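**Q** Would you mind keeping the following structure in view while I ask a few things?
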Amino acid sequence: MKDLVEVIAKALVDHPEEVHVNEVEGERSIILELKVAPDDMGKVIGKQGRIAKAIRTVVKAAATREDKRVVVEILQ
């Protein structure tokens with residue numbers, strides 16, 4: 001999951017070297033914390049949050065195979 005979010009985010013931003021994904025794993029859920037450069041926040045979130053929603057949808061679809069709940073948080 002972590003690699004999936006990282007690949008998607010690096011493709012979207014201007015500074016791919018500043019993309020960091022931290023994975024916090026619980027019993028039944030995984031939290032993925034995505035950090036990008038301040039200049040790239042708009043590119044990851046998108047207009048009205050559409051890109052962020054699309055990233056969450058793709059990750060959620062991939063997580064159903066592992067029977068886990070995945071939450072993607074975009075941090076500043």
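The values are calculated or read from the model by the stated rules, or taken from the named source; none is laboratory data. Keep in mind that this is a model prediction, so the values were computed, not measured. In this analysis, Cβ positions are derived from the backbone assuming ideal geometry, glycine residues included, and neighbour counts consider all displayed protein chains.
**Q** Hey, does the stretch 40-49 have a residue that's out of contact with any helix residue (DSSP H, G or I) (no Cβ under 9 Å at 6 or more places or on another chain) and surrounded by 17 or more Cβ atoms within 10 Å (Cβ to Cβ)?
**A** no
**Q** Could you look through the stretch 11-53, keep only residues that are more than 15 Å from Leu75 (Cα to Cα) and of a type in the set (Lys, Arg), and pick out the one that is modelled with the lowest pLDDT?
**A** Out of the qualifying residues, it is Arg28.
**Q** From Glu27, Glu66, Glu33, grab the single residue that is among the acidic types (Asp, Glu) and touching a strand residue (DSSP E or B) at 6+ places or on another chain (Cβ under 7 Å).
**A** Details: Glu27 fails: touching a strand residue (DSSP E or B) at 6+ places or on another chain (Cβ under 7 Å); Glu66 fails: touching a strand residue (DSSP E or B) at 6+ places or on another chain (Cβ under 7 Å).
It is Glu33.
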